[in-house]
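As structure tokens, the structure follows; a few thoughts come after it.
The values are calculated or read from the model by the stated rules, or taken from the named source; none is laboratory data. Here the structure is a predicted model, which means the values were calculated and not measured. Methodologically, a virtual Cβ is constructed for each residue, glycine included, from the backbone with ideal geometry; neighbour enumeration extends over all protein chains shown. Side chains are part of the model used for accessible areas, which takes the heavy atoms of the whole protein and leaves out ligands, DNA and RNA. Shrake-Rupley method; radii C 1.70, N 1.55, O 1.52, S 1.80 Å.
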Amino acid sequence: MNKQQIEYRRIAKERIAVLFKEADEVFEKNQKLANRYVELARKIAMKTNIKMPRKFKRRFCKHCHSLFRHGVNCRVRTGKNSVIYHCYNCKKSLRIPFVREKKANASC
Ligand SMILES: [Zn+2]
């Protein structure tokens, strides 16, 4: 990876952060626009070949890419080994496993 690529990725991460911030602010007024921002953030991540930062990964639905607002358009529950997000938009759910945390608890 050369210098320019590193620079591109840094800028991309900044832009993703800005887009999510904007999406959050605009969510109550215009949900469609918020989802559009999420879409743009995803596109930037794909184009620059970076992983979506962990804190943003769980902020939107991976099926329909709509921004999650807990209790408003999604349901969050913990299952056996994972946190389950159920999207009200597309009625699908996504799981985020917490196996590592569970292991850490078991050892103490
Ligand atoms: Zn969805």
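Structure summary
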item: Percent of beta bridges antiparallel (DSSP, the chain, rounded to nearest 5); result: 90
item: Sequence of Lys21, Lys51 when ordered by accessible area, the most exposed leading, probe 1.4 angstrom; result: Lys51, Lys21
item: Kyte-Doolittle mean at least -1.0 and Cα axial length at least 27 Å: DSSP H helices in the chain; result: 3-26
item: Residue order for Leu67, Leu40, Leu19 - accessible surface, 1.4 angstrom probe, largest first; result: Leu40, Leu19, Leu67
item: Solvent-accessible area per residue for region 3-107 (1.4 angstrom probe, square angstrom); result: 72
item: Computed E for Lys21/Asn105 - FRET, C-beta separation, R0 35 angstrom, nearest 0.05; result: 0.60
item: Val83 accessible area, assembled protein chains, probe 1.4 Å, Å²; result: 30
item: Exposure rank, largest accessible area first [Met46, Met52; 1.4 Å]; result: Met46, Met52
item: Formal net charge of residues neighbouring His70 (Cβ-Cβ distance under 13 Å; K, R +1; D, E -1); result: +4
item: Span from the region 31-46 Cα centroid across to the region 63-108 one, whole angstrom; result: 20
item: Max mean-square fluctuation residue, GNM over the chain, Cα-Cα springs under 10 Å, options Phe20, Phe98, Phe68; result: Phe98
item: Highest-fluctuation residue, Ile44, Ile11, Ile84 considered, GNM on the chain with Cα pairs under 10 Å; result: Ile11
item: Largest to smallest principal axis extent of the C-alpha atoms in the chain, angstrom; result: 44, 39, 20
